[in-house]
Amino acid sequence: MRYNILDFGGVSDGVTDNTLAFERAVSACFKDGGGYVTVPAGKYVTGTVELKSNVYLELLPGAELLGSMDFSKYKPTKRGCAWGARAAMLVNDKMSPDASNVNPCKALVMAEDAHHVGIIGQGILDGRRDNSCANNPDVGMPYLVVFSHCEDVLLRDVTMYRPGSFTNYLLGCKRVTISGLHINSVGTACGDGIDFDGGEDVTISDCIIDAGDDGIGLKCLTPSEPCVRFTITNCTIRSELWGCIRIGPESTSHFKNITVSNCVFYDSNDGIKLQLCEEYNFEDFTFTGITMNNVTRPFFITVSHYPFSIYSSSSRPDCGHLRRMNFSNITALLTERRNVNLYTPYSGCFLYSLPKFPMEDISFDNIRLTCLGGGTKEMANKTDQHDILDYVGLYPESCLSFKEPPAAAFTIRNAKNIRFSHVDISCIDSDERCAFAVEEVDGLTLHGVSVKNAGGLLRKHNCENLSVEYSRGEIVEFTPEQKEKYNIARKEGRDMDEKIRSITSIIDSVNGEYVEFLGSEGLEIPANTKGKVVIPLVDGCFALCLDNEKIAEYVVPKDYRTKTAFACIMPKREEDTTLRFIPLEDCTMQNPKILFYKG
């Protein structure tokens with residue numbers, strides 16, 4: 001049955017609030033056992049439309065659902081998103097995994113704990129938000145569509161504009177079909193096209209997405225809700241700021257059996273972006289039949305540390321395993337850095353793991369890359385790039401000080417069993433760099449690799465079990481000077497890793513009440529008092545002193561100077577004393593907020 005919104009008091013003048021009319025129509029449809037809440041041509045302003053089981057919202061051609069500009073008209077989900085970076089959040093709020101509704105999701109259209117539910121038709125959902133709304137709490141930045149823990153979800157043929165946050169956000173949903181959506185979220189903060197926080201048995205097809213942030217994103221923020229059995233096909237995606245397809249970095253559960261095929265990506269920083277940051281696994285992904293045009297990083301694959309969830313096991317969790325990835329029948333035209341800022345990537349392809357957590361069993365077959373070229377001899381000889389350690393408080397975007405990569409095409413570090421077969425790499429401008437720069441790889445196969453206008457085929461170091469077949473180009477080893485620089489950089493990385501580990505162990509152990517104070521003002525400490533000192537966010541080098549005696553110092557190499565969290569144990573003194581923060585070189589925070597946990 002169909003329930004026309006006009007029969008429930010709906011007004012299509014683009015001014016009148018229809019929130020109550022939609023509530024009545026959905027209630028009547030649900031009470032009668034289900035059907036379609038139909039919206040005919042016209043402009044309908046409304047707050048949240050909350051769908052129920054067996055109820056579909058049908059937007060007929062010419063129908064426009066316009067998001068109310070009154071944020072009080074939007075409902076939150078009962079079970080919110082579990083996002084909460086522990087390095088910054090844990091030491092402030094000590095939020096428990098049992099905390100209810102940590103980040104409630106308010107949306108124009110929502111459903112929660114429902115089955116056989118969705119949005120269909122050739123009408124328009126328009127959230128009417130842009131970045132100018134971000135600092136106006138009365139207007140707010142609601143999601144456009146949120147389905148939380150629903151089953152048998154259908155999103156089909158709708159046009160979606162101007163969300164306040166993600167355009168579509170599906171949390172813990174099962175058996176989801178999305179097809180024929182036309183999404184434009186450019187100009188909106190966090191304007192992702194289609195995002196999942198967990199999900200099972202999902203098909204996304206025939207969508208056109210012009211996203212202000214990631215195009216399609218798969219995330220996991222709850223350990224019991226993995227992303228498994230996803231198929232994405234026949235989609236055209238542009239991501240203004242980040243990735244066309246992004247899996248992770250929120251990875252507090254497993255990602256398995258993901259297939260992306262027959263897609264076009266264009267005008268984006270990243271094409272395929274895989275970021276594993278916690279102790280779970282990325283396994284059995286296939287990407288095939290993809291064309292990328294004007295993409296800065298066609299392939300960006302990392303394994304690193306970073307907590308995103310209130311359920312994260314640590315403020316710097318162990319890494320998981322990334323393995324069995326297959327890339328085939330892909331062409332890419334690379335472009336220069338876009339929208340340059342702190343996190344803007346440099347052009348190239350990256351496979352990059354931390355030393356103790358190599359990615360493994362990755363194959364590239366029938367790949368054609370057209371790279372920018374222009375690499376200098378200095379770039380080609382550079383061997384002192386630091387490891388991507390992911391600091392306790394920094395969002396895990398890679399290579400912030402890595403800068404220009406040492407390879408014209410692929411930079412690979414810390415991996416096992418990597419195979420390139422029938423790969424054609426050409427540089428637009430002559431490049432002094434080799435096509436591949438490979439370090440700490442056990443098992444590399446180059447079979448039928450063609451390189452044009454680059455300085456050589458392969459630059460390698462500590463590369464065991466190398467097989468080169470039907471491939472031409474020079475193979476370059478490190479010189480003694482390059483090895484020395486490389487070893488110095490690696491030692492800096494190992495030392496920094498140990499420093500971060502010691503900081504992490506203290507952050508993970510803090511509990512109980514704390515005293516908060518500003519660094520420049522200091523904190524009076526009574527005699528015979530000991531405790532733990534935590535600075536949730538600091539940038540640069542500094543020292544902590546009890547009166548004039550230094551008790552801790554954070555001095556790190558320049559490549560590792562960035563916003564991070566810090567912690568130390570404060571010894572007790574026999575007399576009253578004052579705890580003070582002393583900024584050192586490059587410290588941008590002269591007066592940070594400091595937390596002191598007694599005992």
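Bear in mind that the values in this text are calculations on the coordinates, not laboratory data. This is a predicted model, so every value here is computed, not measured. Because the Cβ atoms are built from the backbone with ideal geometry, glycine has one as well, and the counts that use them run over all protein chains shown.
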Give me the net charge of E200's neighbourhood, meaning all other residues with Cβ under 9 Å from the Cβ of E200; Lys, Arg count +1, Asp, Glu -1.
-> +1
C-alpha center-to-center spacing [segment 403-445, segment 349-397] in angstrom = 9 Å
Per the helix-only model, the chain has a calculated mean residue ellipticity at 222 nm (DSSP H runs of ≥4, -39500 (n - 2.57) each, divided over all residues, rounded to the nearest 500) of -3000 deg cm²/dmol
How many angstrom lie between the C-alpha centres of segment 128-201 and segment 8-79?
-> 16 Å
Express as a percent, rounded to the nearest 5, the fraction of DSSP beta bridges in segment 1-191 (both residues included) that run antiparallel.
-> 5 percent
From the backbone phi of segment 116-128, what are the Karplus-calculated ³J(HN,Hα) couplings (6.51 cos²θ - 1.76 cosθ + 1.60, θ = phi - 60°) in whole Hz, Gly and Pro given as x?
-> 6, 8, x, 10, 9, x, 10, x, 10, 9, 10, x, 6
The list (1) 52; (2) 55; (3) 48 gives values of percent of Cα pairs over 32 Å apart, and only one came from this structure; which label was calculated from it?
-> (1)
Could you work out how far the C-alpha centroid of segment 205-223 sits from that of segment 549-599, in angstrom?
-> 39 Å
Given the pairs K73/K174; K532/K572; K219/K563; K382/K416; K377/K483; K572/K598, which span a C-alpha to C-alpha distance of over 20 angstrom in this model?
-> K73/K174; K219/K563; K382/K416
Cross-link reach list, aspartates and glutamates versus K31, counting only Cα pairs under 20 Å and skipping chain neighbours closer than eight places = D7, E23, E50, E58, E112, D113, E151, D152
Sparsely packed trypsin sites (Lys or Arg not before Pro) within segment 322-386, loop by DSSP, other Cβ within 10 Å at most 11 = K356
Suppose R0 equals 41 Å; then what is the FRET efficiency for Y395 and D424 from their Cβ-Cβ distance, rounded to the nearest 0.05?
-> 0.75
Round to the nearest 0.05 the FRET efficiency obtained for R229 and K403 when R0 = 35 Å and r is the Cβ-Cβ distance.
-> 0.35
Estimated inter-spin distance, H115 and D17, nm [label 7 Å along Cα→Cβ] = 3.5 nm
Rough spin-label spacing in nm, given labels placed 7 Å along Cα→Cβ, for E524 and D70 | 5.2 nm
Length-normalised contact order for the chain - Cα pairs under 8 Å, 6+ apart - percent | 7 percent
With at most 16 neighbouring Cβ atoms within 10 Å, loop GluC sites (Glu not before Pro) (DSSP) excluded, longest segment of the chain | 1-335
Which percent, to the nearest 5, of DSSP beta bridges fully inside the chain are antiparallel?
-> 15 percent
Förster radius 56 Å - calculated FRET efficiency between A41 and K452 (Cβ-Cβ, nearest 0.05) | 0.50
Decide, for segment 320-371, between rounded, prolate and oblate: order the square roots of the alpha carbon gyration tensor eigenvalues as a ≥ b ≥ c, take rounded if a/c falls under 1.5, and otherwise choose prolate if a/b is larger than b/c, else oblate.
-> oblate
Net charge contributed by nearby residues that have their C-beta within less than 11 Å of A107 (K/R +1, D/E -1) = 0
Any aspartates and glutamates whose Cα falls less than 18 Å from that of K593, other than same-chain ones fewer than 8 residues away, would be D93, E513, E516, E521, E524, D539, E553
In nm, to one decimal, how far is the T331 label point from the S53 one, both placed 7 Å along Cα→Cβ?
-> 5.0 nm
What shape does segment 269-509 take by its C-alpha gyration tensor, where a ≥ b ≥ c are the square roots of the eigenvalues and a/c under 1.5 counts as rounded, a/b above b/c as prolate, and the rest as oblate?
-> prolate
